[in-house]
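The values are calculated or read from the model by the stated rules, or taken from the named source; none is laboratory data. These numbers were taken from a predicted model, which means no experiment stands behind them. Virtual Cβ from ideal backbone geometry, glycine too; neighbours counted across all protein chains shown.
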Amino acid sequence: MIANQLDARRGPSLSLRERNRRYATIRSRMKERGIGALILGGSNLTYLSNGLPGELFGILPADEGEEFTSILIWRYLVDIPANTFRDAQDWVVDYRGAKNPNVQIVERIKELKLESGTVAYAGRFGHSGYNFIMKQLPSLKIVDASDILDDVRTIKSDEEIALIDHANSLFNLAVEAIHHKARPGMLGREVVQIGLNAMFDAGADHDSGFSLNFGPNPKQNPVLAWICLDRKIQEGDVATLTSHPHFRHYAGHTDQEIIFGSPSQLHLRMFDSVKKVHAAVVSRIRDGATQRELIETYETACSGTGFMTCEHSQIHQYGIEVPEFPGPAFKAVDPKGGKGLGSAGNFTLKTGMIYSISPVLIDGATEDLILGGTTMAVTDSGFRELGKRPVELLVIG
(Lines give C-alpha, C1' and ligand atoms only; values in the text may rest on other atoms or scores of the structure.)
Protein backbone atom coordinates (compact mmCIF):
# COMPACT_ATOMS: atom_id res chain seq x y z
CA MET A 1 0.00 0.00 0.00
CA ILE A 2 2.74 2.47 0.95
CA ALA A 3 4.66 1.72 -2.26
CA ASN A 4 1.53 2.32 -4.35
CA GLN A 5 0.93 5.66 -2.63
CA LEU A 6 4.51 6.72 -3.30
CA ASP A 7 4.20 5.76 -6.97
CA ALA A 8 1.01 7.82 -7.26
CA ARG A 9 2.75 10.90 -5.85
CA ARG A 10 5.67 10.45 -8.20
CA GLY A 11 3.36 10.77 -11.17
CA PRO A 12 3.77 9.23 -14.64
CA SER A 13 7.13 8.16 -16.07
CA LEU A 14 8.61 6.89 -19.31
CA SER A 15 8.88 3.14 -19.84
CA LEU A 16 11.52 1.00 -21.49
CA ARG A 17 8.99 0.36 -24.24
CA GLU A 18 9.01 4.11 -24.94
CA ARG A 19 12.80 4.12 -25.00
CA ASN A 20 12.86 1.21 -27.43
CA ARG A 21 10.27 2.89 -29.66
CA ARG A 22 12.47 5.96 -29.93
CA TYR A 23 15.64 3.99 -30.60
CA ALA A 24 13.95 1.86 -33.29
CA THR A 25 12.38 4.83 -35.07
CA ILE A 26 15.61 6.83 -35.15
CA ARG A 27 17.73 3.85 -36.14
CA SER A 28 15.45 3.16 -39.08
CA ARG A 29 15.97 6.72 -40.33
CA MET A 30 19.72 6.45 -39.76
CA LYS A 31 19.98 3.30 -41.86
CA GLU A 32 18.06 4.94 -44.70
CA ARG A 33 20.78 7.61 -44.78
CA GLY A 34 23.75 5.28 -44.30
CA ILE A 35 24.56 6.71 -40.86
CA GLY A 36 26.47 4.33 -38.60
CA ALA A 37 26.15 6.28 -35.35
CA LEU A 38 24.50 9.45 -34.10
CA ILE A 39 26.13 11.92 -31.68
CA LEU A 40 23.58 13.77 -29.57
CA GLY A 41 23.68 16.80 -27.31
CA GLY A 42 21.27 19.14 -25.55
CA SER A 43 17.61 18.16 -25.42
CA ASN A 44 18.14 15.56 -28.16
CA LEU A 45 20.42 13.77 -25.71
CA THR A 46 17.75 14.01 -22.99
CA TYR A 47 15.26 12.50 -25.44
CA LEU A 48 17.36 9.33 -25.73
CA SER A 49 18.86 9.10 -22.24
CA ASN A 50 15.83 10.18 -20.21
CA GLY A 51 18.10 12.73 -18.58
CA LEU A 52 21.23 11.73 -16.66
CA PRO A 53 22.95 14.27 -14.39
CA GLY A 54 26.21 15.54 -15.85
CA GLU A 55 25.65 14.12 -19.31
CA LEU A 56 27.50 15.87 -22.12
CA PHE A 57 26.98 13.74 -25.22
CA GLY A 58 25.26 10.55 -26.23
CA ILE A 59 26.03 8.11 -29.05
CA LEU A 60 23.33 5.95 -30.63
CA PRO A 61 24.71 3.23 -32.94
CA ALA A 62 22.54 2.22 -35.90
CA ASP A 63 23.19 -1.43 -35.02
CA GLU A 64 20.48 -2.70 -32.64
CA GLY A 65 23.04 -4.99 -31.03
CA GLU A 66 25.07 -2.05 -29.74
CA GLU A 67 24.19 -0.08 -26.61
CA PHE A 68 23.45 3.62 -26.48
CA THR A 69 26.38 5.39 -24.77
CA SER A 70 26.13 8.40 -22.46
CA ILE A 71 29.27 10.46 -21.83
CA LEU A 72 29.24 12.34 -18.53
CA ILE A 73 31.40 14.86 -16.71
CA TRP A 74 34.17 12.77 -15.12
CA ARG A 75 33.59 14.20 -11.62
CA TYR A 76 30.12 12.66 -11.53
CA LEU A 77 31.57 9.13 -11.50
CA VAL A 78 34.83 9.26 -9.56
CA ASP A 79 33.56 8.87 -5.98
CA ILE A 80 30.51 6.61 -6.31
CA PRO A 81 30.22 2.84 -6.88
CA ALA A 82 30.38 1.86 -10.54
CA ASN A 83 26.83 0.52 -10.58
CA THR A 84 25.18 3.63 -9.05
CA PHE A 85 23.73 4.90 -12.32
CA ARG A 86 22.65 1.44 -13.38
CA ASP A 87 20.78 0.88 -10.13
CA ALA A 88 19.11 4.31 -10.24
CA GLN A 89 17.62 4.13 -13.76
CA ASP A 90 17.03 1.61 -16.53
CA TRP A 91 17.44 3.54 -19.79
CA VAL A 92 21.25 3.70 -20.05
CA VAL A 93 23.61 0.85 -19.23
CA ASP A 94 26.72 2.20 -21.00
CA TYR A 95 27.85 5.44 -19.34
CA ARG A 96 31.38 6.82 -19.26
CA GLY A 97 33.10 9.69 -17.48
CA ALA A 98 35.27 12.02 -19.52
CA LYS A 99 37.62 14.94 -18.86
CA ASN A 100 37.59 15.45 -22.61
CA PRO A 101 34.34 14.07 -24.07
CA ASN A 102 35.75 14.18 -27.60
CA VAL A 103 38.26 11.48 -26.61
CA GLN A 104 35.41 9.23 -25.53
CA ILE A 105 33.50 9.96 -28.74
CA VAL A 106 36.54 8.90 -30.78
CA GLU A 107 36.98 5.74 -28.70
CA ARG A 108 33.33 4.78 -29.13
CA ILE A 109 33.52 5.32 -32.90
CA LYS A 110 36.56 3.04 -33.00
CA GLU A 111 34.74 0.39 -30.95
CA LEU A 112 31.92 0.51 -33.51
CA LYS A 113 34.50 0.15 -36.33
CA LEU A 114 33.22 3.29 -38.02
CA GLU A 115 36.57 5.04 -38.52
CA SER A 116 35.90 5.18 -42.26
CA GLY A 117 32.13 5.30 -42.03
CA THR A 118 29.51 8.01 -41.67
CA VAL A 119 28.62 9.48 -38.29
CA ALA A 120 26.01 12.18 -37.76
CA TYR A 121 25.25 14.72 -35.04
CA ALA A 122 21.98 16.17 -33.77
CA GLY A 123 22.05 18.96 -31.24
CA ARG A 124 24.95 20.72 -29.53
CA PHE A 125 28.21 19.86 -31.31
CA GLY A 126 30.91 22.54 -31.45
CA HIS A 127 33.51 23.37 -34.04
CA SER A 128 36.40 22.41 -31.74
CA GLY A 129 34.90 18.96 -31.14
CA TYR A 130 34.42 18.46 -34.86
CA ASN A 131 38.06 19.41 -35.55
CA PHE A 132 39.37 17.12 -32.81
CA ILE A 133 37.44 14.11 -34.08
CA MET A 134 38.44 14.69 -37.70
CA LYS A 135 42.13 14.95 -36.77
CA GLN A 136 41.91 11.64 -34.93
CA LEU A 137 39.76 9.96 -37.60
CA PRO A 138 40.55 11.66 -40.94
CA SER A 139 38.64 9.06 -42.99
CA LEU A 140 35.43 9.62 -41.01
CA LYS A 141 32.51 11.47 -42.59
CA ILE A 142 30.42 13.64 -40.23
CA VAL A 143 26.99 14.92 -41.34
CA ASP A 144 24.13 16.86 -39.76
CA ALA A 145 21.08 14.71 -38.97
CA SER A 146 19.22 17.13 -36.70
CA ASP A 147 16.20 16.83 -38.98
CA ILE A 148 15.74 13.19 -37.91
CA LEU A 149 15.31 14.18 -34.27
CA ASP A 150 13.15 17.18 -35.23
CA ASP A 151 10.79 14.89 -37.14
CA VAL A 152 10.63 12.15 -34.51
CA ARG A 153 10.17 14.53 -31.58
CA THR A 154 7.36 16.49 -33.25
CA ILE A 155 4.74 13.82 -32.52
CA LYS A 156 4.41 12.98 -28.85
CA SER A 157 3.60 9.47 -27.63
CA ASP A 158 0.87 8.80 -25.08
CA GLU A 159 3.55 8.55 -22.39
CA GLU A 160 5.02 11.92 -23.31
CA ILE A 161 1.58 13.54 -23.34
CA ALA A 162 0.95 12.16 -19.85
CA LEU A 163 4.12 13.88 -18.60
CA ILE A 164 3.17 17.19 -20.22
CA ASP A 165 -0.33 16.93 -18.78
CA HIS A 166 1.17 16.36 -15.34
CA ALA A 167 3.62 19.26 -15.73
CA ASN A 168 0.73 21.59 -16.51
CA SER A 169 -1.18 20.34 -13.49
CA LEU A 170 1.78 21.44 -11.33
CA PHE A 171 1.27 25.01 -12.51
CA ASN A 172 -2.38 24.72 -11.51
CA LEU A 173 -1.20 24.11 -7.95
CA ALA A 174 1.00 27.21 -8.12
CA VAL A 175 -1.92 29.33 -9.32
CA GLU A 176 -4.19 28.00 -6.58
CA ALA A 177 -1.57 28.66 -3.89
CA ILE A 178 -0.98 32.22 -5.12
CA HIS A 179 -4.72 32.89 -5.35
CA HIS A 180 -5.08 31.72 -1.76
CA LYS A 181 -2.01 33.34 -0.17
CA ALA A 182 -0.75 36.30 -2.23
CA ARG A 183 -1.79 39.80 -1.16
CA PRO A 184 -0.95 43.42 -1.95
CA GLY A 185 2.21 44.53 -0.14
CA MET A 186 4.12 41.35 -0.96
CA LEU A 187 7.27 41.50 -3.07
CA GLY A 188 7.09 39.79 -6.42
CA ARG A 189 9.73 37.27 -5.32
CA GLU A 190 7.57 36.32 -2.31
CA VAL A 191 4.65 35.53 -4.62
CA VAL A 192 6.91 33.54 -6.94
CA GLN A 193 8.17 31.57 -3.94
CA ILE A 194 4.59 30.67 -2.98
CA GLY A 195 4.04 29.20 -6.42
CA LEU A 196 7.39 27.42 -6.56
CA ASN A 197 6.82 25.83 -3.15
CA ALA A 198 3.49 24.45 -4.33
CA MET A 199 5.05 22.97 -7.47
CA PHE A 200 8.10 21.53 -5.73
CA ASP A 201 5.99 20.01 -2.97
CA ALA A 202 4.08 18.15 -5.70
CA GLY A 203 7.23 16.78 -7.34
CA ALA A 204 8.17 19.35 -10.00
CA ASP A 205 11.70 19.18 -11.44
CA HIS A 206 14.04 21.67 -9.79
CA ASP A 207 14.45 23.73 -12.96
CA SER A 208 10.72 24.54 -12.92
CA GLY A 209 9.60 28.13 -12.74
CA PHE A 210 7.24 30.80 -14.00
CA SER A 211 7.48 34.49 -14.75
CA LEU A 212 5.42 37.10 -12.89
CA ASN A 213 4.69 40.53 -14.33
CA PHE A 214 2.44 42.96 -12.45
CA GLY A 215 1.43 46.59 -12.43
CA PRO A 216 -1.59 48.84 -13.05
CA ASN A 217 -1.01 48.42 -16.79
CA PRO A 218 -0.63 44.67 -17.45
CA LYS A 219 2.29 43.47 -19.58
CA GLN A 220 4.14 40.28 -20.34
CA ASN A 221 7.88 40.73 -20.69
CA PRO A 222 10.85 38.78 -19.21
CA VAL A 223 12.73 41.98 -18.34
CA LEU A 224 9.72 43.38 -16.47
CA ALA A 225 9.31 40.03 -14.69
CA TRP A 226 12.89 40.36 -13.44
CA ILE A 227 12.25 43.91 -12.26
CA CYS A 228 9.01 42.86 -10.58
CA LEU A 229 10.83 40.46 -8.26
CA ASP A 230 11.76 43.39 -5.99
CA ARG A 231 8.56 45.40 -6.43
CA LYS A 232 5.66 45.43 -3.99
CA ILE A 233 2.26 44.48 -5.35
CA GLN A 234 -0.22 47.36 -5.11
CA GLU A 235 -3.99 47.36 -4.92
CA GLY A 236 -5.27 47.45 -8.50
CA ASP A 237 -2.25 45.70 -10.05
CA VAL A 238 -2.82 43.07 -12.72
CA ALA A 239 -0.47 40.07 -12.53
CA THR A 240 0.41 37.94 -15.56
CA LEU A 241 1.91 34.51 -14.84
CA THR A 242 3.58 32.53 -17.63
CA SER A 243 4.39 28.97 -16.62
CA HIS A 244 7.45 26.82 -17.23
CA PRO A 245 7.00 23.89 -14.85
CA HIS A 246 8.93 20.73 -15.67
CA PHE A 247 8.22 17.14 -14.75
CA ARG A 248 10.64 14.38 -15.68
CA HIS A 249 12.23 16.82 -18.17
CA TYR A 250 8.95 17.66 -19.95
CA ALA A 251 7.51 21.16 -19.76
CA GLY A 252 4.15 22.64 -19.03
CA HIS A 253 3.33 25.99 -20.62
CA THR A 254 0.31 28.25 -20.18
CA ASP A 255 -0.68 31.60 -18.65
CA GLN A 256 -2.84 33.07 -15.93
CA GLU A 257 -4.14 36.57 -15.20
CA ILE A 258 -4.74 37.64 -11.57
CA ILE A 259 -6.11 41.03 -10.49
CA PHE A 260 -5.41 42.42 -7.01
CA GLY A 261 -8.54 44.38 -6.13
CA SER A 262 -11.54 45.28 -8.23
CA PRO A 263 -11.00 44.75 -11.97
CA SER A 264 -11.58 47.74 -14.21
CA GLN A 265 -14.23 47.67 -16.89
CA LEU A 266 -11.47 47.82 -19.53
CA HIS A 267 -9.73 44.73 -18.17
CA LEU A 268 -13.00 42.83 -17.83
CA ARG A 269 -13.85 43.68 -21.43
CA MET A 270 -10.37 42.71 -22.63
CA PHE A 271 -10.44 39.38 -20.86
CA ASP A 272 -13.89 38.59 -22.19
CA SER A 273 -12.50 39.27 -25.68
CA VAL A 274 -9.45 37.07 -24.97
CA LYS A 275 -11.74 34.17 -24.09
CA LYS A 276 -13.64 34.58 -27.36
CA VAL A 277 -10.43 34.80 -29.41
CA HIS A 278 -9.01 31.77 -27.60
CA ALA A 279 -12.16 29.78 -28.35
CA ALA A 280 -11.97 30.76 -32.00
CA VAL A 281 -8.34 29.63 -32.35
CA VAL A 282 -8.73 26.28 -30.58
CA SER A 283 -11.82 25.52 -32.65
CA ARG A 284 -9.52 25.27 -35.67
CA ILE A 285 -7.13 22.75 -34.09
CA ARG A 286 -7.36 19.35 -35.73
CA ASP A 287 -5.24 16.89 -37.66
CA GLY A 288 -4.68 18.39 -41.13
CA ALA A 289 -5.04 22.07 -40.19
CA THR A 290 -2.07 24.40 -40.71
CA GLN A 291 -0.26 26.92 -38.56
CA ARG A 292 -1.30 29.60 -41.05
CA GLU A 293 -4.95 28.78 -40.40
CA LEU A 294 -4.47 29.23 -36.65
CA ILE A 295 -2.68 32.56 -37.03
CA GLU A 296 -5.26 33.92 -39.46
CA THR A 297 -8.06 32.83 -37.12
CA TYR A 298 -6.36 34.72 -34.28
CA GLU A 299 -5.98 37.85 -36.39
CA THR A 300 -9.56 37.72 -37.69
CA ALA A 301 -11.02 37.10 -34.25
CA CYS A 302 -9.00 39.99 -32.79
CA SER A 303 -10.21 42.38 -35.47
CA GLY A 304 -13.76 42.01 -34.19
CA THR A 305 -12.90 42.91 -30.59
CA GLY A 306 -11.65 46.47 -30.96
CA PHE A 307 -8.26 45.42 -29.58
CA MET A 308 -4.95 44.77 -31.33
CA THR A 309 -2.96 41.59 -31.90
CA CYS A 310 0.43 41.08 -30.24
CA GLU A 311 3.70 39.29 -31.02
CA HIS A 312 3.67 37.88 -27.46
CA SER A 313 0.81 35.55 -28.39
CA GLN A 314 1.71 31.92 -27.86
CA ILE A 315 0.45 29.71 -30.65
CA HIS A 316 3.24 27.18 -30.84
CA GLN A 317 4.40 23.67 -30.00
CA TYR A 318 6.49 22.57 -27.07
CA GLY A 319 7.64 19.45 -25.25
CA ILE A 320 11.05 19.07 -23.62
CA GLU A 321 11.82 22.59 -24.78
CA VAL A 322 9.59 25.68 -24.94
CA PRO A 323 9.01 26.23 -27.80
CA GLU A 324 9.77 23.29 -30.08
CA PHE A 325 9.57 23.52 -33.85
CA PRO A 326 8.27 20.78 -36.13
CA GLY A 327 10.62 18.77 -38.32
CA PRO A 328 10.84 19.23 -42.10
CA ALA A 329 8.43 16.32 -42.70
CA PHE A 330 5.61 18.55 -41.43
CA LYS A 331 6.46 21.73 -43.32
CA ALA A 332 3.81 23.22 -45.61
CA VAL A 333 3.99 25.83 -48.35
CA ASP A 334 2.69 29.16 -47.08
CA PRO A 335 0.72 31.39 -49.46
CA LYS A 336 2.03 34.48 -47.64
CA GLY A 337 5.68 33.49 -47.69
CA GLY A 338 5.89 32.90 -43.96
CA LYS A 339 4.89 36.43 -42.93
CA GLY A 340 3.82 36.57 -39.29
CA LEU A 341 4.49 32.88 -38.63
CA GLY A 342 7.80 33.19 -36.76
CA SER A 343 10.73 30.77 -36.86
CA ALA A 344 8.60 27.65 -37.31
CA GLY A 345 7.08 28.83 -40.59
CA ASN A 346 4.00 27.05 -41.89
CA PHE A 347 3.37 23.39 -41.14
CA THR A 348 0.58 20.86 -40.97
CA LEU A 349 -0.88 19.83 -37.63
CA LYS A 350 -0.83 16.12 -36.86
CA THR A 351 -2.27 14.00 -34.08
CA GLY A 352 0.14 13.97 -31.15
CA MET A 353 1.44 17.53 -31.51
CA ILE A 354 1.36 19.62 -28.33
CA TYR A 355 0.21 23.23 -28.50
CA SER A 356 0.27 26.21 -26.19
CA ILE A 357 -2.59 28.47 -27.27
CA SER A 358 -2.43 31.81 -25.46
CA PRO A 359 -3.74 34.70 -27.55
CA VAL A 360 -2.84 38.22 -26.43
CA LEU A 361 -4.84 41.41 -26.93
CA ILE A 362 -3.55 44.99 -26.58
CA ASP A 363 -5.61 48.08 -25.93
CA GLY A 364 -4.54 50.78 -28.39
CA ALA A 365 -5.08 53.68 -25.99
CA THR A 366 -3.45 52.33 -22.81
CA GLU A 367 -1.17 49.63 -24.30
CA ASP A 368 -2.51 47.27 -21.61
CA LEU A 369 -1.91 43.63 -22.49
CA ILE A 370 -4.23 40.79 -21.47
CA LEU A 371 -3.87 37.11 -22.36
CA GLY A 372 -5.38 33.73 -21.56
CA GLY A 373 -3.86 30.36 -22.34
CA THR A 374 -4.28 26.63 -22.24
CA THR A 375 -2.39 23.59 -23.52
CA MET A 376 -3.76 20.89 -25.76
CA ALA A 377 -2.79 17.79 -27.66
CA VAL A 378 -3.91 17.59 -31.30
CA THR A 379 -6.22 14.64 -32.01
CA ASP A 380 -7.73 13.18 -35.18
CA SER A 381 -10.99 15.05 -34.64
CA GLY A 382 -9.79 18.15 -32.80
CA PHE A 383 -7.88 18.46 -29.54
CA ARG A 384 -7.64 17.31 -25.94
CA GLU A 385 -6.96 19.85 -23.21
CA LEU A 386 -4.04 19.14 -20.87
CA GLY A 387 -3.57 20.33 -17.31
CA LYS A 388 -7.20 21.45 -16.95
CA ARG A 389 -6.23 25.12 -16.45
CA PRO A 390 -9.38 27.04 -17.45
CA VAL A 391 -9.18 30.38 -19.22
CA GLU A 392 -10.38 32.46 -16.27
CA LEU A 393 -9.63 35.79 -14.66
CA LEU A 394 -8.84 35.36 -10.96
CA VAL A 395 -9.40 38.17 -8.46
CA ILE A 396 -7.68 38.63 -5.11
CA GLY A 397 -9.83 40.96 -3.02
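Of note:
- Among residues of the stretch 2-41, those that are at pLDDT below 95 and touching a Phe, Trp or Tyr at 6+ places or on another chain (Cβ under 7 Å), counted: 1
- The stretch 363-383: number of residues that are loosely packed, with under 13 Cβ neighbours inside 10 Å and either basic (Lys, Arg) or in contact (Cβ under 8 Å) with a residue 12 or more places away in the chain (or both): 4
- Filter result for GLU392 (under 30 Å from PHE260 (Cβ atoms) and among the charged types (D, E, K, R)): yes
- Looking only at residues of the stretch 104-133 that are in contact (Cβ under 8 Å) with a residue 40 or more places away in the chain and among the aromatic types (Phe, Trp, Tyr), we find that the one that is farthest from LEU56 (Cα to Cα) is TYR121.
- Selected residue (criterion: nearest to SER157 (Cα to Cα)) from residues of the stretch 324-353 that are of a type in the set (Phe, Trp, Tyr) and not in a loop (DSSP other than H, G, I, E, B): PHE330
- Residue identified as surrounded by 19 or more Cβ atoms within 10 Å (Cβ to Cβ), of a type in the set (Gly, Ala, Ser), closer than 14 Å to SER356 by Cβ and in contact with an Asp or Glu (Cβ under 9 Å, 6 or more places away or on another chain) among GLY319, GLY342: GLY319
- Single unsatisfied condition, ALA329 versus (1) within 30 Å of ILE148 (Cβ to Cβ); (2) surrounded by 16 or more Cβ atoms within 10 Å (Cβ to Cβ): (2)
- Helices (runs of 4 or more DSSP H) (entirely within the stretch 12-105) containing at least 3 residues that are surrounded by 13 or more Cβ atoms within 10 Å (Cβ to Cβ) and small (Gly, Ala, Ser): 42-49
- Just one residue in the set ALA174, ALA162 is closer than 30 Å to TYR23 by Cβ and among the small types (Gly, Ala, Ser); that residue is ALA162.
- The stretch 116-139, subset out of contact with any strand residue (DSSP E or B) (no Cβ under 6 Å at 6 or more places or on another chain) and aliphatic (A, V, I, L, M), residue surrounded by the fewest Cβ atoms within 10 Å (Cβ to Cβ): MET134
- GLY129, sole failed condition from (1) modelled with pLDDT of 95 or more; (2) touching a Pro at 6+ places or on another chain (Cβ under 9 Å): (1)
- Scan of the stretch 115-149 for residues that are touching a Lys or Arg at 6+ places or on another chain (Cβ under 6 Å) and among the small types (Gly, Ala, Ser), ordered by number: none
- Scanning the stretch 123-131 finds one or more residues that are among the basic types (Lys, Arg) and under 30 Å from HIS253 (Cα atoms).
- Which listed residue, of GLY236, GLY306, is part of a loop (DSSP other than H, G, I, E, B), over 19 Å from VAL191 (Cα atoms), assigned by TED's automatic domain parsing to the domain that holds SER169 and not β-branched (Val, Ile, Thr): GLY306
- Some residue of the stretch 42-62 being among the polar types (S, T, N, Q), at pLDDT 95 or above and more than 25 Å from VAL322 (Cβ to Cβ): no
- Matching residues, the stretch 16-69, being polar (S, T, N, Q), under 21 Å from GLY129 (Cβ atoms) and under 22 Å from the mean Cα position of the chain (by Cα): SER43, ASN44, THR46, SER49
- Neighbours by Cβ (under 8 Å, 6+ apart or cross-chain): first from the stretch 39-57, touching a residue at least 24 places away in the same chain (Cβ under 8 Å); second surrounded by fewer than 20 Cβ atoms within 10 Å (Cβ to Cβ) and of a type in the set (Asp, Glu): SER43/GLU321
- For the stretch 189-199, the condition of being at pLDDT 95 or above, outside any helix (DSSP H, G or I) and surrounded by fewer than 21 Cβ atoms within 10 Å (Cβ to Cβ) holds for none of the residues.
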